[in-house]
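Asker: Here you go, one structure.
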């Protein structure tokens, strides 16, 4: 389903020198597979997800999703791909503060060519247990509720691949497990492939496939090397 | 969810700033609406009234424009009068004899065709100077309403909604019959049979009142949208019989009217010709070349001047009114543009805090064009929304000041009156389409919104998604 080959990605430092971040020879995720990538902060986890999502472009290599190499798509093509095939759960939720919970979920369908499905937005909010909070804006929701809205938004466009970047990092312990269960169950129900990034061992332990980032990205240093 | 909804949400999120920018735009559009409507409607009214049913106006030497304003539009003050004999120069001997007979005026000598009679098909004297409340009283002859053709296609003249034209003399009311325009009737509540008492030389209630000579209302004109709607027309013979309306002649009795038998109007003697004056003469010429001939001949003399009212009206607009309108319009458009700049500043200032929201939408699949479109739609909503409020406000203002404008200019303007089309614009439209200049406000606002919204929209377009997300 997801196949990454020979991806290289560098950032330019203020002095103009390149700072290599990613060097991924090969990485694969099967259809409807759920896997987790673990690694310390600042080792390129978010950059890797952004390259997969087409938010950042790789310097070279290919990212194939269902056979489509998004590295060869134009920017507009990558936008369309994200709108129709991808769901993204952010560490900081990234809900739009001026929009209600319902509107934030609707936003996940706004940029697809398909017409927005209000019933699906309602169903997803019910699915995450927020049917009574649909008209609330993010500031009046708890942190756990905000992340549940973010999950519902990521699922709104029926994605083929869900990328979750530290989805429980800002959630209180009581809600962490609920969020993980919600994401995993939803992906299972809708046969969505899941790539989750975390540094929480208790989260990683729940997945069959756990990949340390250093096994994927040659430039990522193992945690023990960090002094 | 549409891009419009997203744009609207962004506007409401910055409620106070959005309301203030929309308000500044509404003030600009209010002024544009007022200028376009007032100028357009007054211009249309003046131009419409240029279908007068006559070609020339003869009056005392002096300002040409003043002669037109007080004769056609009943504005400004008449200056001097003309001798009645000058009016007779536009009549044939036969016409003079018929009029004198109708007026029961003595005929002292053999009548001859007037000097300009052969070039004239219709001449109507008017006497100005008195008022009924705030309305002008015009002394004239019944032929003003009987013989003038206003619409040559349908061969129609003045119509009466009630009653009939006044007569020179009849048993019932003598010389004292009157006809009023529709606005006079509506405003004063006058009904057929009511008495009309004029004040001398002023609309001031404290001015001398001609209570010795009340006129009886016998007809109400249909509304025509012309200054005639707000005028009182009285029989000229009766007008002459009012106190101080007799021209003093050396060696004559001081007040001819006082010779009349007070209280028995029907038997009062008409004013002798030597004591009569007219303020102006409305002339319909007999041939296409006659206006030039009459104008040249009269203007060469010392007695009177002749003007072509349509030429004067067009000159008035070309020389005075249009430039003033242009200056006002440019000023108000500058105000709108400044309001547009305030929209730019408002949206642009919000862009730094909105980069994150834009990046989130991009991450959800919004294209660069979509986020750019959302910002442009915000600009359009603020601009057009504020503009519509201003447009309504402008018309509310017109409704509120309509009576004052009407009193000053004679042009009726209300809430529902919109500015007429512009000839300059109509020339560019196909199929003879005519569009009110007010309807250009909306496309103008959209264009302005796109211009001022472009910079913040381009900032949205250029937003680096990864950077904005990583820095949040």
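Asker: On the basis of being away from every other protein chain (no Cβ under 14 Å) and closer than 25 Å to residue A:145 by Cα, does residue A:34 make the cut? It would help to see each step written out before you state the result.
Answerer: Working: away from every other protein chain (no Cβ under 14 Å): yes; closer than 25 Å to residue A:145 by Cα: yes.
Yes.
Asker: When you scan region A:58-84, how many residues do you find that are within 9 Å of chain B (Cβ to nearest Cβ) and either farther than 19 Å from residue A:195 by Cβ or in contact with a strand residue (DSSP E or B) (Cβ under 9 Å, 6 or more places away or on another chain) (or both)?
Answerer: Going through region A:58-84 one residue at a time, the tally reaches 6.
Asker: Restricting to region B:166-195, and then to whatever is under 25 Å from the mean Cα position of the chain (by Cα) and part of a loop (DSSP other than H, G, I, E, B), can you tell me which residue is surrounded by the fewest Cβ atoms within 10 Å (Cβ to Cβ)? Steps first, please.
Answerer: Here is the first cut: in region B:166-195, the residues under 25 Å from the mean Cα position of the chain (by Cα) are B:178-190.
If we keep only those that are part of a loop (DSSP other than H, G, I, E, B) too, we end up with B:181, B:189-190.
Values: B:181: 25, B:189: 8, B:190: 19.
Applying the filter and picking the extreme gives B:189.
Asker: Sticking with this structure for a sec: Would you pick out the residues in region B:286-324 that are out of contact with any strand residue (DSSP E or B) (no Cβ under 6 Å at 6 or more places or on another chain) and in a strand (DSSP E or B)?
Answerer: B:305
Asker: Please state which one of A:135, A:69, A:117 is at pLDDT 90 or above and over 19 Å from the mean Cα position of the chain (by Cα). Lay out the reasoning, then the answer.
Answerer: Values: A:69 fails: over 19 Å from the mean Cα position of the chain (by Cα); A:117 fails: at pLDDT 90 or above.
Only one candidate qualifies: A:135.
Asker: Tell me, yes or no, whether region B:23-37 has at least one residue that is touching a residue at least 12 places away in the same chain (Cβ under 8 Å), within 14 Å of chain A (Cβ to nearest Cβ) and either assigned to a helix (DSSP H, G or I) or surrounded by fewer than 20 Cβ atoms within 10 Å (Cβ to Cβ) (or both).
Answerer: Within region B:23-37, the subset touching a residue at least 12 places away in the same chain (Cβ under 8 Å) is B:23-37.
If we keep only those that are within 14 Å of chain A (Cβ to nearest Cβ) as well, we get none.
No; the residues of region B:23-37 include none that is touching a residue at least 12 places away in the same chain (Cβ under 8 Å), within 14 Å of chain A (Cβ to nearest Cβ) and either assigned to a helix (DSSP H, G or I) or surrounded by fewer than 20 Cβ atoms within 10 Å (Cβ to Cβ) (or both).
Asker: In addition: If you scan region A:1-16, which residues turn out to be over 15 Å from residue A:219 (Cβ atoms) and surrounded by fewer than 12 Cβ atoms within 10 Å (Cβ to Cβ)? Lay out the reasoning, then the answer.
Answerer: Looking only at region A:1-16, we keep the residues that are over 15 Å from residue A:219 (Cβ atoms), and these are A:1-3, A:5, A:12, A:14-16.
A:12, A:14, A:15, A:16 - these are the residues of region A:1-16 that are over 15 Å from residue A:219 (Cβ atoms) and surrounded by fewer than 12 Cβ atoms within 10 Å (Cβ to Cβ).
Asker: Please indicate, with yes or no, whether at least one residue in region A:87-110 is buried (at least 22 other Cβ atoms within 10 Å of the Cβ), within 8 Å of another protein chain (Cβ to nearest Cβ), modelled with pLDDT of 90 or more and closer than 21 Å to residue A:58 by Cβ.
Answerer: yes
Asker: Another one. Exactly one of these conditions fails for residue B:16: (1) free of Cβ contacts under 8 Å to residues at least 12 places away in the same chain; (2) over 22 Å from the mean Cα position of the chain (by Cα); (3) in a loop (DSSP other than H, G, I, E, B). Give me its number.
Answerer: (3)
Asker: Please tell me if residue B:371 is on the phi < 0 side of the Ramachandran plot and within 14 Å of another protein chain (Cβ to nearest Cβ). Lay out the reasoning, then the answer.
Answerer: Values: on the phi < 0 side of the Ramachandran plot: yes; within 14 Å of another protein chain (Cβ to nearest Cβ): yes.
Yes; evaluated as a whole, the condition is true for this residue.
Asker: Right, something else. Test each condition in (1) buried (at least 22 other Cβ atoms within 10 Å of the Cβ); (2) modelled with pLDDT of 75 or more; (3) more than 16 Å from residue B:132 (Cα to Cα) for residue B:246 and report the one that comes out false.
Answerer: (2)
Asker: Of the residues that make up region B:347-356, is at least one without any contact (Cβ under 8 Å) to a residue 12 or more places away in the chain, within 22 Å of residue B:452 (Cα to Cα), within 14 Å of chain A (Cβ to nearest Cβ) and part of a helix (DSSP H, G or I)?
Answerer: yes
Asker: Still on this structure, I have one more. Out of B:343, B:392, B:405, B:335, which single residue is outside the structural domain of residue B:228 (by TED's automatic domain parsing), touching a helix residue (DSSP H, G or I) at 6+ places or on another chain (Cβ under 9 Å) and surrounded by 21 or more Cβ atoms within 10 Å (Cβ to Cβ)?
Answerer: Working: B:392 fails: surrounded by 21 or more Cβ atoms within 10 Å (Cβ to Cβ); B:405 fails: surrounded by 21 or more Cβ atoms within 10 Å (Cβ to Cβ); B:335 fails: surrounded by 21 or more Cβ atoms within 10 Å (Cβ to Cβ).
After applying the criteria, what remains is B:343.
Asker: Let me ask something else. Out of the residues in region B:435-465 that are in contact with a strand residue (DSSP E or B) (Cβ under 8 Å, 6 or more places away or on another chain) and outside any helix (DSSP H, G or I), state the one that is surrounded by the most Cβ atoms within 10 Å (Cβ to Cβ). It would help to see each step written out before you state the result.
Answerer: Of region B:435-465, the ones in contact with a strand residue (DSSP E or B) (Cβ under 8 Å, 6 or more places away or on another chain) are B:435-437.
Then drop every residue that is not outside any helix (DSSP H, G or I), which leaves B:435-436.
Numbers: B:435: 13, B:436: 16.
Among those residues, the one meeting the criterion is B:436.
Asker: Which numbered condition in (1) away from chain B (no Cβ under 13 Å); (2) in contact with a helix residue (DSSP H, G or I) (Cβ under 6 Å, 6 or more places away or on another chain); (3) surrounded by 21 or more Cβ atoms within 10 Å (Cβ to Cβ) is the only one that residue A:156 fails?
Answerer: Here residue A:156 clears every test but (1).
The values are calculated or read from the model by the stated rules, or taken from the named source; none is laboratory data. From a predicted model like this one, the values you see are computed outputs, not experimental measurements. FYI the Cβ positions are ideal-geometry reconstructions off the backbone, even for glycines, and counts take in every protein chain you see.
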